[in-house]
1. What about residue 72, is it over 22 Å from residue 9 (Cβ atoms) and either surrounded by fewer than 19 Cβ atoms within 10 Å (Cβ to Cβ) or without any contact (Cβ under 8 Å) to a residue 24 or more places away in the chain (or both)?
2. Can you find even one residue in region 58-68 that is surrounded by fewer than 15 Cβ atoms within 10 Å (Cβ to Cβ) and over 18 Å from the mean Cα position of the chain (by Cα)?
3. Residues of region 3-14 being in contact with a helix residue (DSSP H, G or I) (Cβ under 9 Å, 6 or more places away or on another chain) and free of Cβ contacts under 8 Å to residues at least 40 places away in the same chain, which ones?
4. One residue is enough: does region 88-102 have a residue meeting the conditions on the phi > 0 side of the Ramachandran plot and part of a loop (DSSP other than H, G, I, E, B)?
5. Exactly one of these conditions fails for residue 178: (1) more than 25 Å from residue 99 (Cβ to Cβ); (2) in contact with a helix residue (DSSP H, G or I) (Cβ under 6 Å, 6 or more places away or on another chain); (3) buried (at least 17 other Cβ atoms within 10 Å of the Cβ). Give me its number.
6. Restricting to region 164-200, and then to whatever is in a loop (DSSP other than H, G, I, E, B), within 16 Å of ligand 2 (Cβ to nearest atom) and closer than 20 Å to residue 145 by Cβ, can you tell me which residue is farthest from the chain's Cα centre (by Cα)?
7. Here are some conditions: (1) away from ligand 1 (no atom under 16 Å from the Cβ); (2) out of contact with any helix residue (DSSP H, G or I) (no Cβ under 9 Å at 6 or more places or on another chain); (3) in a loop (DSSP other than H, G, I, E, B). Residue 128 meets all but one. Which one does it not meet?
8. Out of all the residues in region 41-67, which are in contact (Cβ under 8 Å) with a residue 60 or more places away in the chain and part of a loop (DSSP other than H, G, I, E, B)?
Ligand code: DX5
Ligand code: ZN
């Protein structure tokens, strides 16, 4: 059974309290929170004050995905804001190992995100230190994009790598997840499905979450 992580990016920002209540009543497991800085990605989303408020309104695990440069500057601030899982991009970190240690020293779970062009092999020497790989299945920056099909091969390769080394790292797929492709993504070896548009763009988000959950 997949861990379902609805992405706030596609929620109605004028009704965040209602969206949190809806998620609290749903079968969702995590709340995926996308932070963008306009430098690492060509878009700006929301940041620490918004996450602080979400933390008060949600009983779900706060899964914070940082699409920002120099994430180490803000690790503590995101912990204080209420992040349970903090994910940084491999492409944004010169000292990735140090950043991961910093996240773990603050008692958060640590994730590494990789862009669609980044080979899973580059995770070899960090895999034993992390809890989660966030594999981007679209180019980060925007919700509602189309799933990149080559991601399926990457999921299988990473699943094999994790199994061979007997690790417990979770594979999270982020971008373009739909009711149509979710099953293939799970079968390839994913543990966590992020979904923005598919959930918040549907007429009955709770039901859509239940459907994703039951795949
Ligand atoms: C994209 C974000 C995603 C986004 C997914 O940069 O990291 O989390 O919200 O949105 P959908 O599910 O609509 O592709
Ligand atoms: Zn994300």
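1. yes
2. No, the conditions are met nowhere in region 58-68.
3. 13
4. no
5. For residue 178, the exception is condition (3).
6. Per the criteria, the residue is 178.
7. Status for residue 128: all satisfied but (3).
8. Passing the criteria: 41, 42, 43.
Here, each number is a calculation from the coordinates, and none is a lab measurement. The structure presented is a predicted model; accordingly, all values stated were derived computationally and were not measured. Positions of Cβ are generated from backbone atoms using ideal geometry, with glycine treated the same way; all protein chains shown enter the neighbour counts.
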